[in-house]
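The values are calculated or read from the model by the stated rules, or taken from the named source; none is laboratory data. Everything numeric in this text was worked out from a predicted model, so none of it was measured. Neighbour counts are summed over all protein chains in view; Cβ atoms, including those assigned to glycine, are modelled from backbone coordinates with ideal geometry.
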Amino acid sequence: MTNNNNMVCDLKTGVCGVSGEEEMEVIDFNRSQKIVNLYYVTDPICSHCWALEPVLRRFVEQYGNYFNFHTVMGGLLEKWHDGPIDPANGINKPADVAVHWREVGEYSRMPIDGTVMINNPVQSSYPPSRVFKVIQKNHDDATAAEYLRRSREALFAFNQNISDKSVMIEIVNKLSLDGEAVINEAEQQVGHQLLNEDFDLARSLGVRGFPTIIMTNEENKGVKIVGSRPLEYYVNGLKKVLNLEELKPKPLPSLSSFLEKEKLLFSKEIEVMYDVEQSEVKSFIEQELSTDRYQVNEILGELYFTTTK
């Protein structure tokens with residue numbers, strides 16, 4: 001599902017793609033379902049998908065027992081070309097994206113540097129998307145999700161070109177996989193086929209922008225939520241799909257287990273997970289973790305925390 005004409009994201013709606021869709025839309029699917037499925041249609045270079053991570057993580061953490069989670073690659077950028085990509089928004093070349101990404105980062109407080117799109121721009125989001133699909137096929141969803149997360153950290157916060165083969169290999173190697181073998185497979189026909197299957201699925205779900213979350217139930221009905229939205233949007237959407245007045249959230253994980261699992265957390269992610277004010281994050285960390293368990297750093301004016309073990 002190529003979407004080269006929608007590189008600019010709307011700050012208020014949190015949509016990367018076609019604007020004008022309803023905030024929450026009830027939809028029907030002519031497909032037999034025995035369980036609730038959640039489809040998260042995304043792309044490695046989608047800035048509002050990066051902005052959504054704190055909320056989406058908490059939603060899955062507390063309500064994930066109600067649904068099966070499926071990540072679907074949507075195909076935000078196949079390639080750049082000589083003509084204008086998105087003339088209405090002034091997007092004619094990769095450097096034009098940098099300012100928009102930086103705005104999303106400042107608005108969401110999920111750090112985005114953006115200068116990689118000036119100095120060493122991502123030429124296509126398809127290569128890292130294919131790597132995601134190959135890891136998903138050969139290993140599991142959790143490992144593929146970790147690859148996607150590390151790729152976004154590398155791109156948005158640490159300014160690396162995640163479509164570059166050497167960068168992809170390095171990220172995969174850090175997952176204790178054979179990076180060169182994975183990337184080589186992703187470049188073969190199987191990688192293209194797997195990605196095209198996701199594009200077909202996204203089209204069948206009526207997805208036009210990223211991020212889009214679609215939840216379907218056993219009655220072939222669902223809810224589609226487009227853009228980066230507050231937590232209550234997703235909770236309310238799940239209630240509609242399940243036809244329930246209330247949902248019982250699971251207890252939040254301890255900060256220790258949360259950081260150990262994620263390995264790197266930005267301040268905003270801790271704030272959203274634990275309902276902590278930005279000014280209280282440092283003291284919250286100090287209360288919850290011993291000083292030998294974490295390191296604190298800063299990037300683009302935002303704190304981030306990593307494990308020391």
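Side notes on the structure shown:
- Positions within region 257-276 being basic (K, R) and under 19 Å from R229 (Cα atoms), in sequence order: K268
- Among the residues of region 287-309, just one is at pLDDT below 95, of a type outside the set (S, T, Y) and out of contact with any Ser or Thr (no Cβ under 8 Å at 6 or more places or on another chain), namely K309.
- Residue satisfying all of: in region 201-218; touching a residue at least 40 places away in the same chain (Cβ under 8 Å) and surrounded by fewer than 22 Cβ atoms within 10 Å (Cβ to Cβ); farthest from P54 (Cα to Cα) among these: E218
- For region 252-300, the set of residues classified as in a loop (DSSP other than H, G, I, E, B) and touching a residue at least 40 places away in the same chain (Cβ under 8 Å) consists of L252, P253, K263, L300, listed by residue number.
- Scope region 5-61; condition modelled with pLDDT under 70, of a type in the set (S, T, N, Q) and out of contact with any Gly (no Cβ under 7 Å at 6 or more places or on another chain); matching residues: N5, S19, N30, S32, Q33
- Among the conditions (1) within 18 Å of L38 (Cβ to Cβ); (2) of a type in the set (A, V, I, L, M, F, W, C); (3) in contact with a helix residue (DSSP H, G or I) (Cβ under 8 Å, 6 or more places away or on another chain); (4) not in a helix (DSSP H, G or I), L238 misses just one, which is (4).
- Selection from region 90-101 of residues that are outside any loop (DSSP other than H, G, I, E, B) and either within 21 Å of G75 (Cα to Cα) or not assigned by TED's automatic domain parsing to the domain that holds I45 (or both): I91, A95, D96, V97, A98, H100, W101
- Within region 220-235, being in contact (Cβ under 8 Å) with a residue 60 or more places away in the chain and either out of contact with any Ser or Thr (no Cβ under 9 Å at 6 or more places or on another chain) or part of a loop (DSSP other than H, G, I, E, B) (or both) holds for N220, K221, G227, S228, R229, P230, L231, Y233, Y234, V235.
- Region 138-163, subset among the hydrophobic types (A, V, I, L, M, F, W, C) and surrounded by 19 or more Cβ atoms within 10 Å (Cβ to Cβ), residue farthest from Y107 (Cα to Cα): A144
- Taking the criterion of being exposed (fewer than 13 other Cβ atoms within 10 Å of the Cβ) and under 25 Å from E103 (Cβ atoms), the residues of region 271-309 that qualify are E277, S279, N297, E298, G301.
Residue-wise test of (1) at pLDDT below 95; (2) touching a strand residue (DSSP E or B) at 6+ places or on another chain (Cβ under 6 Å); (3) not hydrophobic (A, V, I, L, M, F, W, C).
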{"site": "I183", "(1), (2), (3)": "no, no, no"}
{"site": "H192", "(1), (2), (3)": "no, no, yes"}
{"site": "L201", "(1), (2), (3)": "no, yes, no"}
{"site": "M215", "(1), (2), (3)": "no, yes, no"}
{"site": "N243", "(1), (2), (3)": "yes, no, yes"}
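- Beta carbons closer than 7 Å, at least 6 apart along the sequence or on distinct chains, pair a first residue in region 153-179 that is assigned by TED's automatic domain parsing to the domain that holds A51 with a second that is charged (D, E, K, R) and part of a helix (DSSP H, G or I) for I169/E180; I171/R150; K174/R150; L175/E146; G179/E170.
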